[in-house]
Amino acid sequence: MAEYYRILSYLYRYDKKTKMDCRGFLKAEQKRNGLKITLQIDDERLMENIRLTLCFYEKKKERWKLHPLARLESAGHHEETVLSYPAETLPDGFDIRRQHGVLLFYQEFFFYGSVWIGDEIPVEELLAAWPPEPDAGEVEEED
């Protein structure tokens, strides 16, 4: 059987860099042949046509690194999205077990996030690393 890793975590809204309440979840499933992400957001503040950038983040050599995977355009305040990425489209050596968490970034004062490794998202450090350097080409546009 192929290696399979799954992470399921709550997604919190951040407002002016302050962690607010839970607004959904993110499930990341990685196999040898790729990555599948299921994302659900239920937030009345999430208006239509807002562009969110989905990024995983990890610490490499004492520096925070953002891995942008998709630009999403919201369709309303309650939304479920499923994204699939073949292994060859992921950054070299990408492993969800080494990622510290995920951000859905709209702007500095409004974003969603989840932490997998550590106690809290290092908001200040990650905002200082924004915009992220591309890993393997352009970030895909998703609907």
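Under the convention that each Lys and Arg Cβ holds +1 and each Asp and Glu Cβ holds -1, the size of the dipole of the chain around its Cα centre is about 540 debye.
Sorting the segments 118-129, 33-44 by their mean number of nearby beta carbons within 10 angstrom, highest to lowest, gives 33-44, 118-129. Can you check what the net charge comes to around Gly113, using other residues whose Cβ is under 9 Å from the Cβ of Gly113 (Lys, Arg +1; Asp, Glu -1)? Net charge around Gly113: +2. In the full protein context, the chain carries 57 Å² of accessible surface per residue, based on a 1.4 Å probe and ignoring ligands, DNA and RNA. Where q = 0.16, 0.23, 0.27 Å⁻¹, what log10 of I(q)/I(0) comes from the Debye formula for the stretch 1-44, counting one point per Cα? Normalising to I(0) and taking log10 leaves -0.52, -0.77, -0.90.
Once the Cβ-Cβ distance of Lys27 and Lys61 is raised to the sixth power relative to R0 = 25 Å, the FRET efficiency obtained is 0.30. Highest average first, the peptides 105-114, 7-16 ordered by how many other beta carbon atoms sit within 10 Å of their residues are 105-114, 7-16.
Based on DSSP H segments of at least four residues, each scored -39500 (n - 2.57), the chain has a per-residue ellipticity at 222 nm of -1000 deg cm²/dmol.
The values are calculated or read from the model by the stated rules, or taken from the named source; none is laboratory data. Every value quoted in this text rests on a predicted model; they were computed, and no experiment measured them. For neighbour counting, all protein chains shown are included, and Cβ atoms are generated from backbone atoms with ideal geometry for every residue, glycine included. Ligands, DNA and RNA are excluded from the accessible area calculation, which covers all protein heavy atoms including side chains. Shrake-Rupley method; radii C 1.70, N 1.55, O 1.52, S 1.80 Å.
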